[in-house]
Amino acid sequence: MSKILRLSVLGAGTVGGGVLTLLRENADLLQAQTGKRFEVRHVLVRDLQKPRAAVPDPKRLTADPQRAICDPRVDVVLELMGGLEPARTLIRDALQAGKHVITANKLVMAVSGDELIRLAHRQGVRLLYEASVAGSLPILNALQGSLAGNRITRVVGIVNSTTNFILREMERAVESDEPAETAYDAALHKAQENGYAEADPSSDVEGYDAQYKTAILARLAFLQYVPLESIYREGITHLSGRDLLWAKRLNMGLKLLSISERLPDGRLCARVHPTLIPRECPLYVVRGAFSGVWLQGNGFQEMSLHGFGAGARATASAVIGDLIEIARHPKPLKIEDPSLRTGETAPIESLTMRYFLRLVAPDEDALRALREPLQLLGAEFQPSEPLAQGVEQVALTPPLNEGEFQTRIARLRTEATVQVIRLL
Ligand code: NAP
Ligand code: HSE
């Protein structure tokens with residue numbers, strides 16, 4: 001590879017813009033780190049008329065993907081567009097054309113990562129995707145590098161910053177007696193303005209983004225194929241200010257967690273759902289637009305990382321880390337195509353855990369009828385409280401089997417509002 005590394009950047013939005021800015025601001029540092037100069041040859045966008053402060057030379061802009069992919073002088077293609085197609089096809093084309101590829105695209109890596117990783121290997125080029133999970137956190141590198149000699153038993157993460165930001169803003173509203181629902185809307189808007197949210201933010205709030213990231217994390221942590229459809233997914237749209245108020249009263253934090261773990265019977269269980277965590281959990285302090293990952297393994301025991309999980313500069317930091325890696329080591333490494341097990345996965349219904357329950361009924365009599373079967377399961381209730389409409393009561397359960405518990409709750413839900421949040 002020559003002293004110049006030539007790049008095609010596909011996308012000049014939040015992440016692409018951040019990468020172009022950091023490449024310019026840190027050009028001397030990057031040269032000192034790698035002995036190479038990075039030269040941006042093409043920047044692919046849809047709208048050529050849009051003003052773009054981050055693009056140094058408007059002549060580099062193109063709306064023609066083939067121009068950006070097929071230029072024989074280009075060494076590395078950075079896919080920072082998002083979405084499944086045409087991003088996946090362009091990554092494939094770039095690898096087939098012998099280019100190294102860096103992507104921040106968790107959807108593509110969750111759905112087609114295995115195929116693309118094998119293709120990169122066959123082509124003798126590198127495909128790196130650190131920015132696809134938890135923004136600036138070097139978690140994928142850690143799993144493939146310094147931690148690779150451990151048997152990982154559990155990975156628990158706050159891997160979606162938009163929802164963590166929204167939950168924090170709802171918590172603040174509850175603390176100051178303001179409506180949490182208004183805070184939800186305002187926080188989502190702010191997350192979009194700050195560039196944290198996906199182009200379609202339902203991917204964030206419905207838990208899809210976290211599900212994609214869980215598939216990538218679990219694959220690298222457990223060296224096992226983890227089909228997306230085997231990962232249970234629940235977002236944050238059904239949470240209310242009352243849930244955050246109760247979390248505070250119970251001395252817990254409410255987070256959207258990604259949890260993947262090896263069960264004692266050898267199966268792998270991966271899931272995404274809102275979870276109440278105790279104050280002692282390392283992820284309790286991970287607030288706002290931060291992401292965090294807490295790992296357990298048989299050597300290091302436990303470890304946690306946290307930092308900005310989204311936004312232009314934080315994500316660009318991870319993309320540029322991958323670029324430095326390619327500049328230093330352009331040959332593919334064996335670790336990027338490890339032999340994966342096709343082990344069994346376990347559905348969430350096979351787990352046993354504790355639950356927070358919030359029942360809302362028209363009156364005390366209705367509440368009593370709901371309470372009785374739950375008390376038989378060992379649920380411990382707080383005193384009931386009147387609401388503007390109806391009456392509310394919350395409980396914590398002892399460890400129960402998810403499958404059996406959800407069947408019982410489904411019956412109660414025909415009679416009243418029942419909120420269920422799992423405990424870590
Ligand atoms: P974004 O702000 O919406 O930017 C997307 C860019 O790609 C825009 O410049 C857009 O062009 C261009 N683009 C999209 N589709 C195109 C097409 N078909 N042809 C040509 N250009 C196209 O998105 P982003 O937030 O930067 O996210 C990019 C990727 O990074 C996504 O995979 C996302 O999940 C991932 N990611 C984002 C973050 C974050 O904090 N935002 C963090 C980690 C990973 P126009 O400007 O002309 O519309
Ligand atoms: N929308 C994503 C998030 C971007 O909020 O975490 C980072 O992957």
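The values are calculated or read from the model by the stated rules, or taken from the named source; none is laboratory data. Since we're looking at a predicted model, the values are computed, not measured. Counting neighbours? That spans all protein chains shown, and the Cβs are built from the backbone with ideal geometry, glycine included. Side chains included, ligands, DNA and RNA excluded: accessible areas come from the protein's heavy atoms. Shrake-Rupley method; radii C 1.70, N 1.55, O 1.52, S 1.80 Å.
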Check: Given Pro138, Gly113, Thr62, which one lies farthest toward the positive end of the charge dipole of the chain, if we put +1 on the Cβ of every Lys and Arg and -1 on the Cβ of every Asp and Glu?
Finding: Thr62
Next item on the list: Would you mind getting me the FRET efficiency between Glu385 and Tyr225? Use the beta-carbon distance for r and R0 = 56 Å, nearest 0.05.
Entry: 0.75
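Applying 1/(1 + (r/R0)^6) with R0 = 35 Å to the Cβ-Cβ distance of Lys190 and Glu85, what FRET efficiency is obtained, to the nearest 0.05? The partial results should precede the final answer.
Values: r = 30 Å, r/R0 = 0.85.
Working from the Cβ atoms, E equals 0.75.
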Check: Given the rule -39500 (n - 2.57) for each run of at least 4 DSSP H residues, summed and divided by the residues of the chain, what is its mean residue ellipticity at 222 nm, to the nearest 500 deg cm²/dmol?
Finding: -11500 deg cm²/dmol
Next item on the list: Taking the chain as the reference, fit the longest principal axis to its C-alpha atoms, fit the long axis of helix 87-96 to the helix C-alpha atoms, and give the angle between the two in degrees, 0 to 90, nearest 10.
Entry: 40 degrees
Notebook entry, point to check: Which whole-angstrom value gives the distance between the alpha carbon centres of the stretch 108-143 and the stretch 152-177?
Noted result: 26 Å
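Hey, got the dipole for the stretch 216-305? About the Cα centre, +1 on K and R Cβ, -1 on D and E Cβ, debye to the nearest 20?
On the way: 11 positive and 7 negative charges, 56 e Å.
Roughly 280 debye for the stretch 216-305.
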Next item on the list: Search the structure for amide H atoms under 5 Å from the amide H of Met303, placed 1.01 Å from N in the peptide plane, and list their residues when 5 or more places away or on another chain.
Entry: Leu295
Check: Taking amide H positions as placed 1.01 Å from N in the peptide plane, with prolines and chain starts having none, which residues 5 or more places from Arg37, or on another chain, fall under 5 Å of its amide H?
Finding: Ile4, Leu5
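Subtracting the Cα-Cα distance from 0.36 nm times the residue separation, let me have the gained length for Asp365 to Asn26 in nm, one decimal. Don't jump to the answer; show the numbers that get you there.
Working: separation 339, 0.36 × 339 = 122.04 nm, distance 6.70 nm.
Additional length available on full extension: 115.3 nm.
Tally Lys/Arg at +1 and Asp/Glu at -1 over every other residue whose Cβ is under 9 Å from the Cβ of Pro274; what's the total?
Numbers: positive: Lys255, Arg422; negative: Glu234, Asp243.
Its environment carries a net charge of 0.
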Next item on the list: Quick one: check the C-alpha center-to-center distance for the stretch 201-231 versus the stretch 16-57, whole angstrom.
Entry: 30 Å
Checklist line | Nearest 10 degrees, 0 to 90: helix 14-25 Cα axis against the chain principal axis | finding: 50 degrees
Check: How large is ³J(HN,Hα) for each residue in the stretch 146-155, as worked out from phi by the Karplus curve 6.51 cos²θ - 1.76 cosθ + 1.60 (θ = phi - 60°), to whole Hz, x for Gly and Pro?
Finding: 4, 9, 5, x, 10, 7, 6, 9, 7, 10
Notebook entry, point to check: Ignoring ligands, DNA and RNA, what percent of the 1.4 Å accessible area of the chain is carbon and sulfur?
Noted result: 50 percent
Margin query: Can you tell me which of Leu283, Leu20, Leu147 moves the most in a GNM of the chain? Springs connect C-alpha atoms under 10 Å apart.
Written below: Leu147
Item checked: Probe 1.4 Å, protein heavy atoms only - accessible area per residue of the chain in square angstrom -> 43 Å²
Notebook entry, point to check: Within the chain, how many lysine pairs that are 8 or more places apart, or on different chains, have C-alpha atoms less than 21 Å apart?
Noted result: 12
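Across the chain, how large is the tail of the calculated P(r) beyond 40 Å, expressed as a percent of all Cα pairs? Kindly include the intermediate steps, with their values, before the conclusion.
Working: 20464 of 89676 pairs.
Value for the chain: 23 percent of Cα pairs lie more than 40 Å apart.
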